[in-house]
Amino acid sequence: MSDFTKASEYEKEFDPRLYLETYFHLGSGSLADDFLRFTLANFHRVFTSGGVTGNTLIDIGTGPSIYQLLSAPESFTEIIVTWYTQRELKELQKWMNKDPDAFDWLSIVKHVCDMEGNSGDYGKKEDTLRGKIQQVLHCDVSKTNPLEPVVLPKADCLTAAVCLEAACRSQDSYITALKNLSNLLKPEGHLLLAGDLGANYYEVGANKVFSLAVSETSLKNALSKSGYAIRELVTFGKPEDATYDTSDYEGFYFLHAQKSKV
């Protein structure tokens, strides 16, 4: 087995539209309700704190998802989004182009607007994000330059939500991916990660999509070995009364780190 998930095998297991329909209607009662509230609150808090700002933010493994970026536009001049498979790109482009067949993010956009005290400005929130997105690039975290062949000025911030656990098949490849991503980031630039703890898979339809099981310990080890200093690691455990069984996850995490000065 490769240390990194190949695009062909990921595309075979992962239907991006079914993924969105399964997990991204806030209030549906799926495990994603807990994940989304936890993750959106942390991105909102970090981006509105004033400590994570700059010119360029690159989102790693955006794929079909935009939820992780909804609180970012006020803090950055430009946002670059990335994709790994053509099916992901197709879904992302539908949203970018306001295609009538694009996934409806209203429940999540509404939640973010309510957190920000901007109830009712739902369409404006999505349009603001669209306006800040300057490039849509292919990304492969197994490469020294994950955006190859494009070479960009170093970014102020990288974000990745439920991405590296899908891309990396081992702890070693996870560390390699983090080192590769650091090549996109300025010294002391910010890295924001969100994902599942202890998950070996999550279901998308009849398919069980691979996930690298990570823990607080493995995350701290990986960040330390790849040249980052952790500023914050927040976790949320699986509720004892949870009845959903579409993943064997144990909880969620949100991590804020900074690249070393050198």
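Quick look at the values:
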item	result
Residues of segment 97-113 satisfying the condition of being assigned to a helix (DSSP H, G or I) and either open to solvent by 50 Å² or more (accessible area, probe 1.4 Å) or aromatic (Phe, Trp, Tyr) (or both)	Leu106, Lys110
Selection count where residues are in contact with a Phe, Trp or Tyr (Cβ under 9 Å, 6 or more places away or on another chain) and within 15 Å of Ser211 (Cα to Cα), scope segment 4-18	6
Residues being within 17 Å of the chain's Cα centre (by Cα) and either among the basic types (Lys, Arg) or open to solvent by 20 Å² or more (accessible area, probe 1.4 Å) (or both) - total across segment 32-51	6
Checking Glu74 against (1) assigned to a helix (DSSP H, G or I); (2) within 23 Å of Pro146 (Cβ to Cβ), the condition it does not meet	(2)
Residue that is within 16 Å of Leu193 (Cβ to Cβ), outside any loop (DSSP other than H, G, I, E, B) and hydroxyl-bearing (Ser, Thr, Tyr), where the choices are Thr82, Thr56	Thr82
Members of segment 138-156 that are crowded, with 16+ Cβ neighbours inside 10 Å and either assigned to a strand (DSSP E or B) or among the aliphatic types (A, V, I, L, M) (or both)	His138, Val141, Leu147, Ala155, Asp156
Only listed residue being under 14 Å from Val162 (Cα atoms), among the aromatic types (Phe, Trp, Tyr) and at pLDDT 95 or above, chosen from Phe14, Phe43	Phe43
Given (1) part of a helix (DSSP H, G or I); (2) open to solvent by less than 40 Å² (accessible area, probe 1.4 Å); (3) charged (D, E, K, R), index of the condition Arg87 fails	(2)
Matching residues in segment 210-261 - criterion: being at pLDDT below 90, open to solvent by less than 40 Å² (accessible area, probe 1.4 Å) and not aromatic (Phe, Trp, Tyr)	Pro239, Ala242, Thr246, Ser247
Tabulated pairs, segment 12-41, first free of Cβ contacts under 8 Å to residues at least 24 places away in the same chain, second surrounded by fewer than 17 Cβ atoms within 10 Å (Cβ to Cβ), C-beta under 8 angstrom, 6+ apart or interchain	Asp33/Gly27
Matching residues in segment 189-209 - criterion: being part of a loop (DSSP other than H, G, I, E, B) and either buried (at least 18 other Cβ atoms within 10 Å of the Cβ) or on the phi > 0 side of the Ramachandran plot (or both)	Gly198, Ala199, Gly205
Those residues of segment 225-241 which are among the basic types (Lys, Arg) and under 15 Å from Asp33 (Cβ atoms), in sequence order	Lys238
Which listed residue is within 14 Å of the chain's Cα centre (by Cα) and on the phi > 0 side of the Ramachandran plot, from Gly54, Gly61	Gly61
Residue in segment 163-182 that is hydroxyl-bearing (Ser, Thr, Tyr), over 17 Å from the mean Cα position of the chain (by Cα) and farther than 21 Å from Phe14 by Cβ present	yes
Options Ala222, Ala213; residue that is closer than 30 Å to Val150 by Cα and in contact with a Leu (Cβ under 9 Å, 6 or more places away or on another chain)	Ala222
Residues (open to solvent by less than 10 Å² (accessible area, probe 1.4 Å) and polar (S, T, N, Q)) located in segment 157-176	Thr159, Ser173
Search result, residues across segment 7-31 that are surrounded by 15 or more Cβ atoms within 10 Å (Cβ to Cβ) and among the basic types (Lys, Arg)	Arg17
Filter result for Lys179 (touching a strand residue (DSSP E or B) at 6+ places or on another chain (Cβ under 9 Å), open to solvent by 70 Å² or more (accessible area, probe 1.4 Å) and either part of a strand (DSSP E or B) or more than 26 Å from Tyr23 (Cα to Cα) (or both))	no
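The values are calculated or read from the model by the stated rules, or taken from the named source; none is laboratory data. Remember, it's a predicted structure, so these values are computed and weren't measured experimentally. Cβ sites come from the backbone with ideal geometry, for glycine too, and all protein chains shown count toward neighbours. Quick note on the areas: whole protein, heavy atoms, side chains included, nothing else; ligands and nucleic acids left out. Shrake-Rupley method; radii C 1.70, N 1.55, O 1.52, S 1.80 Å.
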